[in-house]
């Protein structure tokens with residue numbers, strides 16, 4: 001049942017990311033909904049689930065990007081794993097956790113994406129303008145995290161403390 | 001003990017993910033057909049839902065556009081009035097030269113924009129990511145859109161088709177890093193190549209044939225259309241907006257702005273070049 005909810009989460013976010021957010025750019029940046037969802041899943045269920053979810057979510061959005069298939073999958077999986085490790089030391093109750101983690105995840109995931117895409121042959125990504133977009137997108141990620149985190153929490157179902 | 005078991009399980013999973021991703025990147029980089037087919041099938045499958053959702057959210061995106069772009073409208077209006085006046089003068093001056101030029105182009109048998117037919121398509125979405133400049137159009141191989149076709153809008157060159165499935169195609173815009181367009185300058189007719197810069201809407205002009213040529217701010221750039229080029233000759237591409245000349249450097253940094261407003265495209269036209277190889281990468 002949980003995998004069906006994860007599937008629905010990924011498909012819905014892919015549709016929203018590709019159909020709506022291209023028209024909602026702020027200073028040339030769009031949020032990365034799948035990356036924020038990966039951070040949310042890693043926060044809820046730990047590094048293993050975060051990495052696997054990040055891989056599948058990244059591969060799903062890679063289908064709609066011009067960059068080589070696997071770039072987002074790897075960047076998101078590494079981010080999910082990292083956030084999953086990091087979350088075990090966090091206090092859970094803060095309501096600011098979603099935007100803080102969304103923003104941090106956006107920065108880390110975006111930077112990893114730039115590194116991996118550059119290695120994969122994408123031109124000219126290490127430019128000042130890229131980092132300006134990266135920061136803007138991370139702020140946007142922090143804002144959309146308020147909406148994505150509850151959706152991801154629903155997909156994760158009941159808390160499973162075994163992953164800690 | 002439980003913690004140890006978890007740790008030891010994580011590593012193989014991460015290793016498997018990393019290896020799979022590297023394999024995917026390598027295969028896709030080599031143009032593997034299976035990955036291309038998977039991409040096309042997934043895009044085709046989800047396209048109707050995307051279209052429905054995009055239509056449903058149209059009012060929201062319109063309001064967002066109105067709020068975020070209202071500041072620039074007055075400045076744009078003033079700038080456009082000045083440009084109209086300038087171009088009207090230029091049009092009169094150019095009229096005398098154009099007949100002579102058309103005759104020469106015909107003699108050289110170089111395909112220009114008048115020789116090509118096209119397919120009109122609607123832009124159905126912009127780029128989903130932050131670091132790419134692409135659009136998706138609602139026509140694909142079924143309507144004759146193939147990889148390599150140049151794409152134009154009313155004002156000039158938009159980009160070229162870099163991927164096409166049955167009912168839609170991806171167009172890489174001219175300000176995407178990695179997509180160079182062979183151009184010539186309006187006055188001195190120097191050849192050069194435009195170079196997109198990540199995260200920046202201005203293009204850099206590289207490989208200028210004669211870096212000491214008197215290129216001026218405001219000068220227009222047209223496709224060079226040399227033999228075997230991916231674009232027909234004389235399609236307007238961009239306007240020079242800034243020239244930085246550092247002492248000691250031979251080449252000036254020339255920055256140009258695409259003539260087409262690439263963020264506000266609604267309809268575009270895919271050109272069928274008469275004698276070109278559509279899969280060529282040459283600018």
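Assorted remarks:
- Some residue of the stretch B:145-156 being modelled with pLDDT of 90 or more and within 14 Å of chain A (Cβ to nearest Cβ): yes
- Counting the residues of the stretch B:160-191 that are in contact with a strand residue (DSSP E or B) (Cβ under 9 Å, 6 or more places away or on another chain) and at positive phi gives 1.
- The strands (runs of 3 or more DSSP E) found entirely in the stretch B:125-187 that carry 3 or more residues being farther than 23 Å from residue B:228 by Cβ are B:134-137.
- The listed residues are B:124, B:137, and the only one of them that is under 16 Å from the mean Cα position of the chain (by Cα), surrounded by fewer than 24 Cβ atoms within 10 Å (Cβ to Cβ) and under 21 Å from residue A:19 (Cα atoms) turns out to be B:124.
- When the stretch A:62-76 is filtered for residues that are facing another protein chain (nearest Cβ under 7 Å) and either farther than 20 Å from residue A:8 by Cα or at pLDDT below 95 (or both), the ones remaining, listed by number, are A:63, A:64, A:65, A:66, A:67, A:68, A:69, A:70, A:71, A:74.
- Some residue of the stretch B:26-44 being over 30 Å from residue A:120 (Cα atoms) and either assigned by TED's automatic domain parsing to the domain that holds residue B:124 or without any contact (Cβ under 8 Å) to a residue 12 or more places away in the chain (or both): no
- One residue alone among B:229, B:238 is within 16 Å of the chain's Cα centre (by Cα), in contact (Cβ under 8 Å) with a residue 24 or more places away in the chain and more than 28 Å from residue B:80 (Cα to Cα), and that residue is B:229.
- Enumeration of residues in the stretch B:243-270 that are assigned to a strand (DSSP E or B) and exposed (fewer than 13 other Cβ atoms within 10 Å of the Cβ): B:244, B:267
- Looking only at residues in the stretch A:114-125 that are in a helix (DSSP H, G or I) and surrounded by fewer than 19 Cβ atoms within 10 Å (Cβ to Cβ), the one that is farthest from the other protein chains (Cβ to nearest Cβ) is A:115.
- Among the residues of the stretch B:126-144, those that are under 21 Å from residue B:35 (Cβ atoms) and at pLDDT below 90 comprise B:127, B:128, B:129, B:131, B:132.
Residue-wise test of (1) modelled with pLDDT under 90; (2) under 27 Å from residue B:20 (Cβ atoms).
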position	(1), (2)
A:51	no, yes
A:57	no, yes
A:91	yes, no
A:102	no, yes
A:116	no, yes
A:139	no, no
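- Hey, residue A:82 surrounded by fewer than 24 Cβ atoms within 10 Å (Cβ to Cβ) and assigned to a helix (DSSP H, G or I) or not: yes
- Looking only at residues in the stretch B:205-226 that are at pLDDT 85 or above and within 20 Å of residue B:150 (Cα to Cα), the one that is surrounded by the fewest Cβ atoms within 10 Å (Cβ to Cβ) is B:220.
- If you go through the stretch A:126-150 and pick out every residue that is more than 29 Å from residue A:12 (Cβ to Cβ) and either touching a residue at least 60 places away in the same chain (Cβ under 8 Å) or at the interface with chain B (Cβ under 7 Å from one of its Cβ atoms) (or both), you end up with 3.
The values are calculated or read from the model by the stated rules, or taken from the named source; none is laboratory data. Keep in mind the model is a prediction, meaning the values are calculated, not measured. Don't worry about glycine lacking a Cβ; one is built from the backbone with ideal geometry, like all the others, and counts go over all protein chains shown.
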